[in-house]
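Report on the structure given below.
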Amino acid sequence: MKSTFDINNLVRPNIKNITPYSSARDEYKDISSDEMIFLDANENPFENGVNRYPDPQQIGVKRILSKCKKIDEKNILLGNGSDEVLDLIFRAFCEPKEDNVITLPPTYGMYSVLANINNIENRKILLDKDFQPKVEKILSTIDNQTKILFLCSPNNPTGNSFSEDKVIELLKKFNGLVVIDEAYIDFSEHEGWLKKIKKFPNLIITQTLSKAYGLAGIRLGVCYASEEIIKILNNIKPPYNVNELTQQKAVERLRNYEDVKNEISQLISERKRLKDELECCVSYIEKVYPSDGNFLLIKVDDANKRYNQLLEYGVVVRNRTTQPLCENCLRISVGILEENLKLIRALKAIQ
Ligand SMILES: *Cc1c(COP(=O)(O)O)cnc(C)c1O
């Protein structure tokens, strides 16, 4: 089936032949030269560190990211958070009022919001009771207008990763795009799907510096895909979508990749400690779900009541009780040691 995969069949007609905006920095790239003066972008010439436009292709960030993640720079696109990346994917491939996408609730809310904004039908197929995709049901829901299947693995808010066999079956049998949102992949033991980009031309992976990398404030999202897909998204992205301060901060952080890894391993061991403590010692917690993320989903006797009680103890968690399959569930981010101790004290105090 994949032998017939052609990305050109999926791109919206108006996007296919688009002439991208050509910025001053696209037309003359080499800004390192000391001999040249730059009078091409109507910038204010008085130096203050950010008076110049940022690199529209974020070469510095891509170079270091490519080393950390062992993937070619040509397979990387950066966005103003993964939310921008996801929006670009919608806009490149989904024709408003005609096409549809498939999402698997309970999951990250942005897929649904972006589908609405772009006027794209969102076919929701609930996960099964183990929070795994219902492969048969998904495949039978697909039609010629189905452009994208969103898989979030590890999934937010359930915390689990999707079975490899199921994902492979979907990648093989669906001739549209499969987006795997790996926002939490660095907290997981699974190596993730990056290495499979060459094998599956319909695979798009999104990641973010907002979670494991501790940079939610700079807004940097990452998209990994075939060179062809990256080119299409590059053509429609806003020219300077990742600002200078963000690029600098990202490079600085990625240079200290060892520090990042160290924080991740601390959070993973805190997650384990927290899970054990919640399972053993808080009577009204009925279940602590396994998690490959930096959060735990717990089922309690009465989520609304416990949520409000925790607030009184100064602890804010996420109440997920209105989400399908998440009745009476709270989602709790793993904090630093002191925060987790405070959480546990509060949970015990309200028994
Ligand atoms: C937090 C999160 C993101 C991050 O989005 P950014 O815009 O990069 O901050 C993406 N996907 C999922 C599933 C998330 O939980």
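All of the numbers you see were taken from the coordinates with simple rules; none came from a lab. Computed from a prediction, not measured in an experiment: that's the story for all the values here. Using ideal geometry, Cβ is built from the backbone for each residue, glycine included, and neighbour counts are taken over all protein chains shown.
When the Gaussian network model of the chain links Cα atoms closer than 10 Å, the mean-square fluctuations of Leu311, Leu177, Leu325 top out at Leu311. Quick check: the distance between the Cα centres of segment 292-351 and segment 150-194, to the nearest angstrom? Computed from Cα coordinates, the inter-centre distance equals 26 Å. A viscosity of 0.692 mPa s and a temperature of 37 °C, combined with the Kirkwood radius over C-alpha pairs in the Stokes-Einstein formula, give segment 216-294 a diffusion coefficient of 200 µm²/s. In order along segment 336-351, the phi-based Karplus estimate (6.51 cos²θ - 1.76 cosθ + 1.60, θ = phi - 60°) of 3J(HN,Hα) comes to 7, 2, 4, 5, 5, 5, 5, 4, 5, 4, 5, 4, 6, 5, 9, 4 Hz; Gly and Pro are listed as x. Distance between the modelled labels on Val316 and Met36, one decimal in nanometres: 4.6 nm (7 Å Cα→Cβ projection). Compared with the alpha-carbon gap, the fully stretched path from Lys134 to Val113 is longer by 5.3 nm at 0.36 nm per residue. Under conditions of 25 °C and 0.890 mPa s, segment 258-349 yields 183 µm² s⁻¹ as its translational diffusion coefficient, taking Rh as the Kirkwood radius over Cα pairs in the Stokes-Einstein equation. The alpha carbons of segment 105-219 occupy a box of 39, 32, 31 Å along the principal axes, longest dimension given first. Listed by chain and number, the aspartates and glutamates whose alpha-carbon sits under 16 Å from that of Lys287, ignoring those within fewer than 8 places in the same chain, are Asp130, Asp276, Glu277, Glu279, Asp301, Asp302, Glu327. Net length available on complete extension from Asp259 to Tyr240 is 4.0 nm, with 0.36 nm assigned per residue and the Cα-Cα distance removed. From the alpha carbon centroid of segment 90-144 to that of segment 54-86 is 26 Å.
When exposed loop sites are taken as GluC sites (Glu not before Pro) in a DSSP loop with at most 14 other Cβ atoms within 10 Å, the longest stretch of the chain clear of them is 192-326. Computed across the chain, the Kirkwood radius stands at 21.9 Å (inverse of mean 1/r, all Cα pairs).
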